[in-house]
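Data first, discussion second: the structure below is written as structure tokens.
The values are calculated or read from the model by the stated rules, or taken from the named source; none is laboratory data. Keep in mind that this is a model prediction, so the values were computed, not measured. Cβ placement follows ideal geometry from the backbone for every residue including glycine, while neighbour counts extend to all protein chains displayed.
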Amino acid sequence: MSVTLHTTHGDLKIEVFCESVPKTAEGGRSIYGPTFEDEIRPGLKHHERGIVSMANKGPNTNGSQFFITFAAAPHLDGLNTVFGKLLGDESLATLAKIEGVEVDKKNRPLEAVRIERVTVHANPLAK
């Protein structure tokens, strides 16, 4: 399955690894409570730019926050659940625009970077 995040800086199309990390990929309101457990998979790594992963506060504390890597981040392997990756040159160009936003001393963006809407694309492999 894939989704497109339509942001204030352009579109980010994401391949979601539904079969590998089904709880994480389910989305919406969590049936697991306010947080849910990690789905760390040895084959899913933070090995390149454009990897989509869950943010957390420690083991098994996933909620609704996620991040997209600007570069390989192998120090996150085994700590954060990878659940997708960016698809296509347009997405990488949008990521570059977001990366280029100026930040303050606490690394907070000086201009808004927002998701305005989301398009969920049907999975052509679904039965």
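If you take the residues of the range 23-60 that are over 26 Å from Thr7 (Cα atoms) and among the β-branched types (Val, Ile, Thr), which of them is modelled with the highest pLDDT?
Applying the filter and picking the extreme gives Ile40.
Touching a residue at least 60 places away in the same chain (Cβ under 8 Å), more than 25 Å from Cys18 (Cβ to Cβ) and touching an Asp or Glu at 6+ places or on another chain (Cβ under 7 Å), is that true of Val113?
no
Any chance the range 110-118 includes a residue that's of a type in the set (Lys, Arg), surrounded by fewer than 14 Cβ atoms within 10 Å (Cβ to Cβ) and under 15 Å from His9 (Cα atoms)? Give the steps one after another, and end with the answer.
First pass over the range 110-118, keeping only residues of a type in the set (Lys, Arg): 114, 117.
Now drop any that are not surrounded by fewer than 14 Cβ atoms within 10 Å (Cβ to Cβ), which leaves 114, 117.
Checking which are under 15 Å from His9 (Cα atoms) leaves us with 114, 117.
Checked against the condition, which is being of a type in the set (Lys, Arg), surrounded by fewer than 14 Cβ atoms within 10 Å (Cβ to Cβ) and under 15 Å from His9 (Cα atoms), the range 110-118 yields at least one hit.
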